Amino acid sequence: MASELRAAIFIAKQERHKNLFLNYRNLSNFPVELLKDEGMQFLERLFMKRNSLTTLPENLAQKLPNLIELYLHSNNIAIIPQAIGDLVKLQSLDLSDNALQIICPEIGQLRSLRHLRLANNQLKFLPQELGDLRELETLDVSMNLLRTLPERLHQCLSLQCLTADRNLLQCLPRQLCLLPDLNELSMAANCLTSLPLDLGRSMELQFVFVDNNAQLKALPSYLYNKVIGCSGCEVPDFIPVAQESAGCGPVASGSLSPLQSAHVHHRLPQTVPAQRDCTRRGPQENHSEFHSVLLL
């Protein structure tokens, strides 16, 4: 395996490949061949899914300065070095299914980043510096231990899809209502008790999923006629109009089209319990991947 790896990297260097696939190589350390001499200045996409990496080299940006996509899905990475912020051209970063407990503030320096995936880690909070990612379009932080989202997240003015399923969220920052391009918001299987009253005011927001939030009893009026998944909640089939007092409007659970109903039904695995203990969190389970925009 080691000789095959060296041969693959040697050929990539000789032929100045822009894409390098090192998936399923059982790597526990970052290959030193990628970092020798001048590194691989021409490399744009690096795929290192399903290995056993625990960290990244400090000089990654120095040796691979033109990376625009970095895929590290399904490793054992516990620490992201501060030098990650030096990958100024990076547009896609996938750190899903790792062992991350903290994300360094320097991630906010990735001003070209458009897609960030941090699903299925051990994150208890996210840095406020995420709000500096003005080009960010997709953020997936599902299956973590988050109780809140950064208040500055509303500064991600390009954000279109926000997924935070299977966390411990009890409420959402009202500032999320200010996101001008937000199209899909998924907060299924959390501990939500309410939603911001202005949520859904934007014409861009089309898909809202709050399935399996057992304590959620009402929906904001501006979500009326939106595509909503709210099974496993205490929201009744019809909620009386009370825009002035409670900020809720009528929502019919049977009003979805067959296509919309199928989409809602498929959002979560069928093993999601209707009730959830929001005071405790067990070890992460193995779940199938979802919300993948780029199929690798």
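The values are calculated or read from the model by the stated rules, or taken from the named source; none is laboratory data. The structure displayed is predicted, hence computed values, not measured ones. With ideal geometry, Cβ positions are generated from the backbone for all residues, glycine too; neighbour counts draw on all protein chains shown. The area values use the complete protein model at the heavy-atom level, side chains included, leaving out ligands, DNA and RNA. Shrake-Rupley method; radii C 1.70, N 1.55, O 1.52, S 1.80 Å.
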Scanning region 98-120 residue by residue, the ones that are within 14 Å of the chain's Cα centre (by Cα) and touching a residue at least 40 places away in the same chain (Cβ under 8 Å) total 5
So, residue 56, is that one within 20 Å of residue 120 (Cβ to Cβ), over 18 Å from the mean Cα position of the chain (by Cα) and free of Cβ contacts under 8 Å to residues at least 60 places away in the same chain or not? yes
Only one of these conditions is not met by residue 28: (1) under 24 Å from residue 132 (Cβ atoms); (2) open to solvent by 10 Å² or more (accessible area, probe 1.4 Å); (3) hydroxyl-bearing (Ser, Thr, Tyr). Which number is it? (1)
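Condition check ((1) of a type outside the set (A, V, I, L, M, F, W, C); (2) on the phi > 0 side of the Ramachandran plot; (3) in contact (Cβ under 8 Å) with a residue 60 or more places away in the chain) across all residues:
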position: 183; (1), (2), (3): yes, no, no
position: 192; (1), (2), (3): no, no, no
position: 199; (1), (2), (3): no, no, no
position: 203; (1), (2), (3): no, no, no
position: 208; (1), (2), (3): no, no, no
position: 214; (1), (2), (3): no, no, yes
position: 219; (1), (2), (3): no, no, no
Exactly one condition in (1) in contact (Cβ under 8 Å) with a residue 60 or more places away in the chain; (2) touching an Asp or Glu at 6+ places or on another chain (Cβ under 7 Å); (3) surrounded by fewer than 19 Cβ atoms within 10 Å (Cβ to Cβ) is not met by residue 73; state its number. (3)
Note on residue 74: of the conditions (1) on the phi > 0 side of the Ramachandran plot; (2) among the small types (Gly, Ala, Ser); (3) in contact with a strand residue (DSSP E or B) (Cβ under 7 Å, 6 or more places away or on another chain), unmet is (3)
Over region 164-192, the set of residues among the small types (Gly, Ala, Ser) and not in a loop (DSSP other than H, G, I, E, B) is 186
